[in-house]
Every structure is written in C-alpha cells, then in structure tokens.
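For reference, the structure discussed in these notes is given below.
Here, each number is a calculation from the coordinates, and none is a lab measurement. All figures in this text were calculated on a predicted structure; none of them were measured in a lab. Positions of Cβ are backbone-derived with ideal geometry, glycine not excepted, and every protein chain shown enters the neighbour counts.
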Amino acid sequence: YEREPDAVEATEAMFQEALFGHSPAAEVLIAAQGGVSIGFALFFHTFSTWTGRRGLWLEDLYVTPEARGSGAGGALLQALAQVALDRGCPRLEWTVLDWNTPALDFYRAKGALPQDEWTTQRVTGEALRRLAGQAA
C-alpha cells in the first residue's frame, strides 16, 4: 500500500524471531472472520520522558482489501487501545503517510489527532554507518 514493494527486506524467519523468539521485539493482534485472518495490528512499546511511562507504537495496521469496511480495522484499534490501558500506557501513537486520505479520515473518526509540530527523522544505510563513526 505504501507503493514501495521492492523496499521490503523482512522475511518470514525474521518475523518469526521478532514476534516469537527469545526476546520478542513486537507483538501482533489478529482480526479473523470465520476462522480466516483478515487483518492485523503490529505494535511495540515506546517510552516517554514526558510521562515517565511506556506507550504503544502501532507500526502497521492492515486489513485485507476485501475485508475493508467490515469493522475489522476499528476493532483492531479498539483492542489495541484496551491493551494500552491495561498496561498503563498513556499513549497510542503511529505515523500515516500524508497522501493516505482514507487512512487519515479513518483515524480522525477514531479520535486521533495529528502531531503537526513533530517531524519523523530517519538515518539508514551509509548515513547510519557514518553517524556510528564507521568508515565507508
């Protein structure tokens, strides 16, 4: 959906380790209908020095195209909000592409507010190696 199919590096084995390995890096909620998976919410903990507590970061919310409009996305968000509350997390946060109008409209309808004063920063590849002080 993000229009970058060639950018994906993750493998099934990597997800197996990240979700079910010795030290899981993330968790996932699955939406199912009639015993068939139709969507998921992949998330992990963050930490805020402002609140002094952990929060939840929603990395991916996905519902299969044929199940969109069924309420699965809303149910996943609701379940994730409950996880946040159960764990004492004051925040549930995520990013969304600025051109993804259907997602933006969906999130606004759920009460999400944009954090326009913040911009996401990213360092990868060669720039990451340089920042770490490693020679090219």
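Compute a Gaussian network model of the chain, connecting alpha carbons closer than 10 Å, and tell me which residue from A72, A41, A109 fluctuates the most. Checking each option, the largest mean-square fluctuation is seen for A109. Note on the chain: GNM, Cα springs under 10 Å; of G125, G74, G111, the largest mean-square fluctuation is that of G125. Other residues with beta-carbon under 9 Å from the beta-carbon of F43 carry, at +1 per Lys or Arg and -1 per Asp or Glu, a net charge of -3. Over the chain, what is the relative contact order in whole percent, taking alpha-carbon pairs under 8 Å and six or more residues apart? Once normalised by length, the contact order is 15 percent. Computed from the C-beta positions of A109 and E9 and an R0 of 30 Å, the FRET efficiency is 0.35 to the nearest 0.05.
Hey, what angle do you get for helix 72-86 against the long axis of the chain, alpha-carbon based, 0 to 90 degrees rounded to 10? With both axes taken from Cα atoms, the answer is about 70 degrees. Full extension of the chain segment joining A79 with T101 gains 5.6 nm, where the gain is 0.36 nm per residue of separation less the Cα-Cα distance.
About its Cα centre, the dipole of the stretch 37-136 is roughly 320 debye, where the only charges are +1 on Lys and Arg Cβ and -1 on Asp and Glu Cβ. From the coordinates of this entry, mean projected area of the Cα convex hull in nm² is computed, and it appears in (i) 11.3; (ii) 7.2; (iii) 10.5 under the label (i).
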